[in-house]
1. Could you order His108, His262, His128 so the one with the most accessible surface comes first? Probe is 1.4 Å.
2. Between Arg293 and Asp184, what length in nm is gained on full extension when 0.36 nm per residue of separation is reduced by their alpha carbon distance?
3. With labels modelled as points extended 7 Å from the Cα through the Cβ direction, what inter-label distance (nm, one decimal) is found for Ser63 paired with Ala135?
4. Which aspartates and glutamates have a Cα lying under 13 Å from the Cα of Lys152, excluding residues fewer than 8 positions away in the same chain?
5. Sequence neighbours fewer than 8 away in the same chain don't count; with that in mind, list the aspartates and glutamates whose C-alpha is under 15 Å from Lys123.
6. Could you compute how much accessible surface Lys284 exposes when probed at 1.4 Å, giving the result in Å² to the nearest 10?
7. Rounded, prolate or oblate for the stretch 40-166? Axes are the square roots of the Cα gyration tensor eigenvalues, ordered a ≥ b ≥ c, and the cut-off for rounded is a/c under 1.5.
8. May I ask for the net charge around Ile271, where only other residues with Cβ less than 13 Å from the Cβ of Ile271 are counted and Lys, Arg are +1 while Asp, Glu are -1?
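The values are calculated or read from the model by the stated rules, or taken from the named source; none is laboratory data. None of the values given here were measured: they were computed from a predicted structure. Note that each Cβ is placed from the backbone with ideal geometry, even for glycine, and that neighbours are counted across all protein chains shown. Keep in mind that these areas ignore ligands, DNA and RNA; they rest on the heavy atoms of the full protein, side chains included. Shrake-Rupley method; radii C 1.70, N 1.55, O 1.52, S 1.80 Å.
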Amino acid sequence: MARRILRYTVLLALVLFASACVAPAMQPDAMQAPSTAEMVPVEPGVLAVTGVRARPSPMAGGSGGVYLTVLNGLDQPLQLTGIDGVVAGSLELHESVNDQGVIRMEPHPEGFPIPARSTLELKPGGKHIMLIDLAAPLAVGDVFTLTLTFDKADPLTIDVPVAEDGAMTDMHMPMPAHADLAPDGPTLADQQSDGIHGWLTSTPAEPTRGEATIDAYLVADDGQPIEGATVTLDIDMTNMSHGQYLVPAEAAGGGHYAGNVHFSMPGPWRIIANIERPGQEVIKLRFDFMVKRG
Ligand SMILES: [Cu+2]
């Protein structure tokens, strides 16, 4: 319980901090609809998912819930049209509604709209992903894979960690995603999109205000390291833009791309790794993490 209270306090502090500092730098349309999702502004041109977690479920054959926030940084509205995965016999989009004091769940087979440059939050007591007829129990620490499908964007395959009461996973918590491919040692963040898995590691391992070397380790779905790419790190704070800060990451072999980065303040940061390969579309992987006070 104490952990949860602490988390909410941190969230509240971030919201206050954001509302105090962000306004001048934000797009006008990003300032509407106060919500916790607003803490993670959308990145122009990037479709991403954050705050992914599932609640534990004790029984195979039972049901489960998955919560997340979709960040639509694209210039067009999207529809989240469905969910695929082998974790359960049936995966449905639902919304909990309070019908005169009785909470019931309405299926939304048509999905949910996400306005351009906006977010869709799936959360306990609201819109959510329902897992029906689970293939196996879901225990805290387990991770499974889901694919989100959209009407006007490529599907997104994500790793879903099972967390206590569906609590928000810490943004900087290394997820044990694809442990068979992951690098040894502590990672700062990991992400998966468009057939590439990426992990960020930092030297020092927990970055503080000041200099750090960031190593992006990139592997394709088939386990082959991504070689011969031009990787640029697009770096910013998530609660207060510091303007464009791009660092070219140097190829270090074996799928590693490293760059020296300066974190000017402690707090929530994100790095978008822009991965360019000859003759292929640019792939962007977004990593969220915290920089500590020195
Ligand atoms: Cu439901």
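1. Values: His108 35, His262 80, His128 10 Å².
Greatest to least solvent exposure: His262, His108, His128.
2. On the way: separation 109, 0.36 × 109 = 39.24 nm, distance 2.54 nm.
Contour length minus Cα-Cα distance gives 36.7 nm.
3. Label-label distance for Ser63 and Ala135, simple model: 2.1 nm.
4. Asp75
5. Within reach: Glu38, Glu92, Glu95, Glu106, Glu164, Asp165.
6. It works out to around 80 Å².
7. prolate
8. Details: positive: Arg270, Lys284, Arg286; negative: Glu43, Asp190, Asp215, Asp234, Asp236, Asp288.
The answer is -3.
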